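FYI, it's all coordinate maths here, none of it is from the lab. Just so you know, these numbers come straight off a predicted model, no measurement behind them. Glycine gets a Cβ as well: all are built from the backbone with ideal geometry, and neighbour counts include every protein chain shown.
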Ligand SMILES: Cc1ncc(COP(=O)(O)O)c(C=O)c1O
C-alpha cells in the first residue's frame, strides 16, 4: 500500500511503516494495535492518514486535546516562545512562561483551593503527578496506607499502579510494597452491592465510614484517599455528586487528605472546568495533566499549603520545565475559560447522551449509556445472555472490538475501556461542532448495526 500526500510527507509507504513498528516496538504497544493509521496531518477533530483517508478523532490523545489538533491558539503560543529565543528547557527554574502558566492555572481553580495552595511541577506525565501526590500526603501524615477505589486508573508507575484497579496489569507486580485499601466505587450498572441507585451510594459511603471508624476493621489509618470524580479508563463512570460530598465529609472529619485525580476530567471535559465543581467539594490535592499542557506534556499537583511539609528536592525530575507546554497550556486554559467551553461540553454532552440512548433503543447490544460532558461511554453487552437481577447483561468485549473496527472503517477513531474492555469511549475535543457531532453519531450508529449484523452471521 503506497500513498502520496503533501510534499512534507513525500511518499509514505503505509504498510512498511506499520510493519517496522510491529517489528521494532514492544509488545506493550496499545493504540497502535487498534489503529493501523499513520497520521500525517491533523486539525481540530480531523486526522488525515498517510493513505489520504480522513478520520474523526474521538480519542483526541486519550482526552488530552481539549481544543483538538493544532488549534491556532496553541500553535500561536508555541511559535511565540520559539521565536522569542527563550530557553526551551529550564528544569524548575522560574521563567516568564512558567509564571504566566501558574497565573492562568490559579485563575481557573476552585477558589477555596486557589486562595491557599502550592503548586508542584512534576515529571511530564499524569502518573508522575500521582506519585507526587501520594508521596506528599505520606510525608505530611507520616502514614503509608492509601484508600483507592475499584475501577480506578491512576497511571503505570509503581505507586499509581498500586492505586489502580486493573488486575491484568497489576498482577505481574502484585506485591510491590504499596499498602492500598480497595473501596467500592459507585457503579450503577454493575452495582457492587446488587442494589443500584441512591441506596447503593449511601451504602458505599457508609462502608467507607465504618471501615475508618471500626477499630477492628483491619484498615490502617490512611495517608490519603485518591479518586476520580468520573472514572475514565475504568469505563466512563461518573460518581454521584451526593456520594462525593459524603466522601469529602468523611475524609475531612478524620483529617484524611483527599486527592482528586483530574488528569482526564480536567479543563472542561465533564462540563465544569474541574469535575469536582459539579459537587462543590474542595479536594486537598488536585492531580492535573493531559489537557493542561495544551497537547504537550505537562503535569502538576496543586495542594493545600498546610500539606507542604516536603524538603527541597523531595520530588524532583529533569523534565519539569517544558516552556512550550507551559505556553500552550496557559493559552488553552484561557481559551477554554473565555469561550465557555465547559458549558458547551455540558450542553453538547446532554444532547449526545439523549441521541446515544436512541441508538441504544434501536440496537440490541448497548447495555448502558453514561457519562458527563464530553466524556461518554457505551457499555457493550451480550444481548443473547440472561440479565442479572439489576438488568445488566454480561460484557461483550469481542462485539465492542468489532464496533471499534467498524468505526475505523467508517473513518471514526474511538477507543475501548472499562471492565473487559467492553466500554466504547467518546472523548472528542471540546471544540467539536454540532455538524461534526452528528457525523460521529451517524458513523457510530452504522458501526453498531454492522457489528451486530456480523455477530449474528
Ligand atoms: C485519571 C488518570 N490518572 C492518571 C493517568 C496517567 O496519566 P499518564 O498516562 O500521563 O501517565 C491517566 C491516563 O489516562 C488517567 O486517566
With r as the distance between the Cβ atoms of residue 80 and residue 167 and R0 = 51 Å, compute the FRET efficiency 1/(1 + (r/R0)^6) and round to 0.05. 0.65
Which peptide among 432-440, 174-182, 257-265, 401-409 comes first, and what is the full order, when sorted by highest mean count of other Cβ atoms within 10 Å? 257-265, 401-409, 432-440, 174-182
What value, in deg cm²/dmol to 500, does the helix sum -39500 (n - 2.57) over DSSP H runs of n ≥ 4 give at 222 nm once divided by the residues of the chain? -12000 deg cm²/dmol
Using label points projected 7 Å from each Cα along Cα→Cβ, tell me how many nm separate residue 310 and residue 103, to one decimal. 2.4
Along the Cα→Cβ direction, 7 angstrom out, place labels at residue 362 and residue 90. What is the inter-label distance in nm? 5.4
If you average the alpha carbon positions of region 269-336 and of region 70-132, how far apart do those two centres end up, in angstrom? 8
Could you order the peptides 34-47, 384-397, 70-83, 225-238 from most to least packed, using the average number of other C-beta atoms within 10 Å per residue? 225-238, 34-47, 70-83, 384-397
Taking the chain and dividing mean pair separation by its residue count, relative contact order in percent (alpha carbons under 8 Å, at least six apart): 20
Please report how far the C-alpha centroid of region 41-61 lies from that of region 189-248, rounded to the nearest whole angstrom. 38
Taking the highest mean first, how do the peptides 129-140, 317-328, 242-253 order by number of other beta carbon atoms within 10 angstrom per residue? 129-140, 317-328, 242-253
By count of other Cβ within 10 Å, fewest leading, how are 210, 289 ordered? 210, 289
Put a dot 7 Å past each Cα toward the Cβ at residue 343 and residue 30; how far apart are the dots in nm? 3.5
